[in-house]
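Remarks on the structure that follows.
Each reported figure results from applying straightforward, stated rules to the coordinates on display, with no laboratory input. Please read all numbers here as calculations on a predicted model, not as lab measurements. Every residue, glycine among them, receives a Cβ derived from its backbone with ideal geometry; neighbour counts consider all protein chains shown.
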Amino acid sequence: MSVKIIGTGSALPEKIVTNDDLTQLVDTSDEWIKERTGIGSRRISTGETVVSLAAQACEKALENAGREAAQVQLLLVATCTPEMGIPCAACQVQSLLGAANAVAFDLNAACAGFLFALNTAYAYIEAGIYENALIVGSEVLSKIVDWTDRGTCVLFGDGAGAVLVERSEQPGILGFVQHSDGTKGEVLKCDSRQLKNPYISLTFDSPFVKMDGREVFAFAVRQVPSCIQEVLQQTQLDAGDVDLYVLHQANRRIVEGIAKRLGVEMDKFPMNLDRVGNMSSAAIPVLLDELNREGRLQEGMTLVLSGFGAGLTYGACVLRW
Ligand code: ACO
């Protein structure tokens with residue numbers, strides 16, 4: 001028995017914002033952004049929401065898998081930018097999809113959110129509790145970005161990606177590792193609603209993303225290769241046995257740093273961040289869906305997925321396509 005991805009889908013907002021467009025907002029240049037990050041443009045919501053994008057991505061994943069919404073037993077939304085505190089985004093997506101038989105809830109592990117949700121679904125299915133799960137990473141980061149801060153506003157994009165996983169007799173997920181380091185939470189953070197009641201004086205801070213870019217960079221190139229090595233060891237594979245590394249799309253230089261430490265050629269690290277920027281929990285499933293629809297994923301291929309981000313959170317998974 002294994003747990004296998006049987007369908008993928010994704011949805012992006014219509015509006016494309018190029019690096020040149022951003023020069024109208026902040027003191028930056030296409031050259032600086034491309035050289036430091038690899039990003040050329042990103043999609044930015046002009047009305048699309050975490051829920052609407054997630055529902056579209058889910059519909060496509062269901063169609064790709066040949067399954068109906070009513071068959072879904074578990075629906076997980078990974079997001080750090082939900083529209084509402086309550087109800088959770090997953091229940092709103094459930095309603096839009098008509099996935100009436102699913103148990104639905106959200107999970108927030110920032111850019112590692114999709115991976116942690118995939119592992120949660122894997123555990124439920126392995127334990128025999130559910131037969132299948134629809135997992136979606138969806139973000140509208142443009143809501144929490146300070147559009148006057150050139151250090152962060154050039155990095156992010158909006159979008160959603162989904163996969164349907166199912167209990168299978170074919171090999172699927174082979175191994176998983178997950179890690180969290182809450183002591184480093186300060187390096188990448190965004191305040192939520194603050195305490196505001198009649199008994200205290202107001203002390204509002206700006207609810208925007210704040211980041212120590214260098215610390216994030218150092219964390220990613222140090223911890224991600226070691227957690228990939230850990231999951232490869234767990235599954236008795238070598239880095240060279242892997243056909244594709246589908247990593248969180250934060251920054252081209254981070255991906256290059258990870259590839260170098262693993263001693264693996266860059267052609268095994270597909271990237272789409274030049275077109276979509278960093279979409280946090282949506283990054284991995286959107287890239288996976290693009291690869292799937294381009295026909296680049298052949299049955300029997302070995303993939304490593306790895307997510308890393310605020311928390312700090314990071315993890316990796318090995319699976320057979
Ligand atoms: N355009 C032009 N200049 C800029 C911009 C910009 N958009 N942003 C910053 N600068 C300037 C700075 O003000 C600074 O100027 P100064 O020397 O006059 O003070 C100079 O560029 C260098 O700034 P640094 O922050 O030191 O630049 P660095 O080389 O570290 O690159 C970057 C910044 C790209 C953010 C890098 O640290 C990085 O890639 N970090 C990883 C962060 C990341 O990917 N975060 C995504 C979210 S987390 C995640 O998904 C895992």
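List of remarks:
- Scanning segment 253-275 for residues that are more than 15 Å from the ligand (Cβ to nearest atom) and part of a helix (DSSP H, G or I) turns up ALA259, LYS260, ARG261, LEU262, MET266, ASP267, LYS268, ARG275.
- Each residue in segment 87-129 was checked for being within 16 Å of the ligand (Cβ to nearest atom) and of a type in the set (A, V, I, L, M, F, W, C), and 7 pass.
- Test for LYS196: is it over 19 Å from ILE6 (Cβ atoms) and over 23 Å from the mean Cα position of the chain (by Cα): yes
- ALA250 vs. criteria of a type in the set (Gly, Ala, Ser), surrounded by 15 or more Cβ atoms within 10 Å (Cβ to Cβ) and assigned to a helix (DSSP H, G or I): no
- Counting only strands (runs of 3 or more DSSP E) wholly contained in segment 105-189, no element carries 2 or more residues that are on the phi > 0 side of the Ramachandran plot and in contact (Cβ under 8 Å) with a residue 60 or more places away in the chain.
- Those helices (runs of 4 or more DSSP H) of segment 1-77 in which 2 or more residues are of a type outside the set (Ser, Thr, Tyr), free of Cβ contacts under 8 Å to residues at least 12 places away in the same chain and surrounded by 15 or more Cβ atoms within 10 Å (Cβ to Cβ) are absent.
- Residue pairs whose Cβ atoms lie under 6 Å apart, sitting 6 or more positions apart in sequence or on different chains, and linking a residue in segment 293-319 that is more than 15 Å from PHE114 (Cα to Cα) to a partner that is within 16 Å of the ligand (Cβ to nearest atom), are LEU303/VAL246.
- Residue tally, condition assigned to a helix (DSSP H, G or I) and surrounded by fewer than 17 Cβ atoms within 10 Å (Cβ to Cβ), over segment 276-297: 1
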